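Below is one structure, written out as structure tokens, with a few remarks after it.
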Amino acid sequence: MISSKFGFCKTRSFHRTVNFGFSSMVNPYRVLGVSQAQPIRDIKKRYLKLAQKYHPDLNPENPDATKQFIAVKSAYESIKLLKEKEEKYKNRKARRNFRSRRGGQKGGAKEGEDH
């Protein structure tokens, strides 16, 4: 395992280095300076502001800009995936609850039919 100052967690494979995103030591919400309760659109606004601030093409004189840009990008991608998974789980749970209220049937009973 290789760990950098921005918290990236890498492991060396046979011929390549594989990046697994953030290690458990770095909180992606802290990197972006947002709270977990904020909606994804506010988090995206903050990400775009920080990405523009640390973009390597806009900061050629700052050697740490690339590392900070990568950290911000990885943090946003991690949060985005997490929010998508949460939304998918909520939708799946809502569908399951809806089906259980209907008696577990996929289709509703038509008039004049007995189930």
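Key figures
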| item | result |
| --- | --- |
| Test result for LYS85, surrounded by 11 or more Cβ atoms within 10 Å (Cβ to Cβ) and part of a helix (DSSP H, G or I) | no |
| All positions within the range 29-72 that are under 13 Å from the mean Cα position of the chain (by Cα) and open to solvent by 90 Å² or more (accessible area, probe 1.4 Å) | GLN36, ARG41, LYS44 |
| Among residues of the range 73-82, those that are aromatic (Phe, Trp, Tyr) and either open to solvent by 90 Å² or more (accessible area, probe 1.4 Å) or touching an Asp or Glu at 6+ places or on another chain (Cβ under 7 Å) (or both), counted | 0 |
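The values are calculated or read from the model by the stated rules, or taken from the named source; none is laboratory data. In this text, all values refer to a predicted model and were calculated from it rather than measured experimentally. Positions of Cβ are backbone-derived with ideal geometry, glycine not excepted, and every protein chain shown enters the neighbour counts. To get the accessible areas, we keep the full protein, side chains included, count just its heavy atoms, and leave off ligands, DNA and RNA. Shrake-Rupley method; radii C 1.70, N 1.55, O 1.52, S 1.80 Å.
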